[in-house]
1. Within the stretch 339-374, name every residue whose backbone N is under 20 Å away from a label modeled 7 Å from Cα of VAL10 along the Cβ vector.
2. Sticking with the crude label model, points 7 Å out along Cα→Cβ, report the distance from GLU55 to ASP190 in nm, one decimal please.
3. Could you go through the stretch 206-221 in sequence order and give the Karplus-derived ³J(HN,Hα) for each residue, using 6.51 cos²θ - 1.76 cosθ + 1.60 with θ = phi - 60°, rounded to whole Hz, and x for Gly and Pro?
4. Under 20 Å Cα to Cα from LYS428, which aspartates and glutamates show up? Leave out anything in the same chain fewer than 8 places away.
5. With springs only between Cα atoms under 10 Å apart, run a GNM on the chain and tell me which of ASP38, ASP333, ASP21 wobbles the most.
6. Running a GNM on the chain with Cα contacts under 10 Å, which residue among VAL410, VAL319, VAL346 ends up with the highest mean-square fluctuation?
7. For helix 237-250, report the angle its Cα long axis makes with the longest principal axis of the Cα atoms of the chain; keep it between 0 and 90° and round to the nearest 10°.
8. Would you mind pulling out the separation of the Cα centroids of the stretch 196-229 and the stretch 102-171, in Å?
Amino acid sequence: MLKVDLKNTVINIPFDAYINDVKAIDAKIKGKTGAGNDFLGWTSWPKDYDKEEFERIKEAAKEIQDNYEVLVVAGIGGSYLGARCAIEALNGLFPKNKVQIIFIGNTLSSNYIAQVLDYLKDKNFAINVISKSGTTTETSVAFRLLKELLISKVGVERASKAIYATTDKARGALKTEANTMGYKTFVIPDDIGGRFSVLTAVGLLPIAVAGGDIDALMKGAADAMAEYDNDDVLTNPCYKYAVTRHYLYNNDKEVEMFVTYEPQMTQIGEWLKQLFGESEGKDGKGLFPTACTFSTDLHSMGQFIQEGTKLLFETNIVVEEPNLDVTINADKDNLDGLNFLAGKNVSYVNKKAFEGTLAAHVVDGEVPNIVISIPKLDAYNLGYLFFFFMKAVAMSAYLIDVNPFNQPGVEIYKKRMFTLLGKPGYTK
Ligand code: PA5
């Protein structure tokens, strides 16, 4: 069960003062009457998801596992981050999976793209191209280059069988191409925006290919959906978290730093940066979301957090039990002086690092800390965590009176880039 510990917020949070606002916003989310209300499909998705498509996702995953060495996933932003963060969280950074997953379409770096294409030359690979609009430059460029390579290796017919397209059900260039070429297609629902789409085919197909238990993932999300279907801020931990970050924002904090103690959770920080950054950062408002992996980053960012400008608070995402552990043995010479840890597990040392850091930052540094913990890093708890944060960001964004579900600012760089590139329809 996910727990939210608010004992270390340094200032008291006046939850009572938020009771009415939270009830009103909850009614707005449920009744789909707030700004961006066309994009609330994710709120009931863990129960209402398309069961027939879910089975097709499992079949496609099995087909890919049985026939290919590599799945190349092409997508960016909401069409990339969820799958990557789930796969790394569940499988770790040295996975033993049958199918290797490679991400592309998330950059315009020629160095990266050239290296991936070179690596794939001798590999038997399939492609999952993911794009709701079907026109995102990073994804389209990578997909065109991948297709060219694949066709040169296996011919058009076999290439078309090895391409799985996740896109809009009816519109867009990718959908048109998929229909023409006969790719298998999966749907990104109209009412679910990119950063809320990890539990749709966007995340589910790559996660299933990587061996993730997508039934457990959906069950975790459904249980979270049931728990957080409660408009009372005093008893709903998800809304308590949203209110806490809002109160800290109103009391001079400008940055929320998401912290994990597991390198395989670093990408959860990336997913959260998009979820909170794109949902809240508009109209000149919003907390700036950033992320660190401790204890690694204590040796770089630790100094600033402890003694630098008092602009941030930390939100720790803690896993109570590690999936794997290692024991530190006694050494007869003890030349490294580590025998005080003999017989202890590395997870015990990591836990003490967390407890010591929490005390240092809160007591000595007066940095507010929120602690969100899950019992285990598995598909069920990850599904729970995804839903927790999606619901929290909806409440948080409405608390600062912004539309949580649009991202108008993202378009501005695209327009300038298209003008520079001479894309038809974009003139100087
Ligand atoms: O959250 C968002 O909407 C964006 O990050 C998009 O997901 C991202 O730009 C990719 O868009 P698309 O799926 O249309 O290629």
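The values are calculated or read from the model by the stated rules, or taken from the named source; none is laboratory data. Just so we're clear, the structure is a prediction, and the values are computed from it rather than from any experiment. Cβ: placed from backbone, ideal geometry, glycine included. Neighbour counts: every protein chain shown. Side chains included, ligands, DNA and RNA excluded: accessible areas come from the protein's heavy atoms. Shrake-Rupley method; radii C 1.70, N 1.55, O 1.52, S 1.80 Å.
1. From the stretch 339-374, the list is 354-372.
2. 2.6
3. Listing the rounded values in order: x, 5, 5, 4, 7, x, x, 7, 6, 5, 5, 4, 5, 5, x, 5 Hz.
4. Those aspartates and glutamates meeting the cut-off are GLU411.
5. Answer for the Gaussian network model of the chain: ASP333.
6. VAL410
7. Compared with the principal axis, the helix lies near 80 degrees.
8. With the stretch 196-229 and the stretch 102-171 each reduced to a Cα centre, they are spaced 24 Å.
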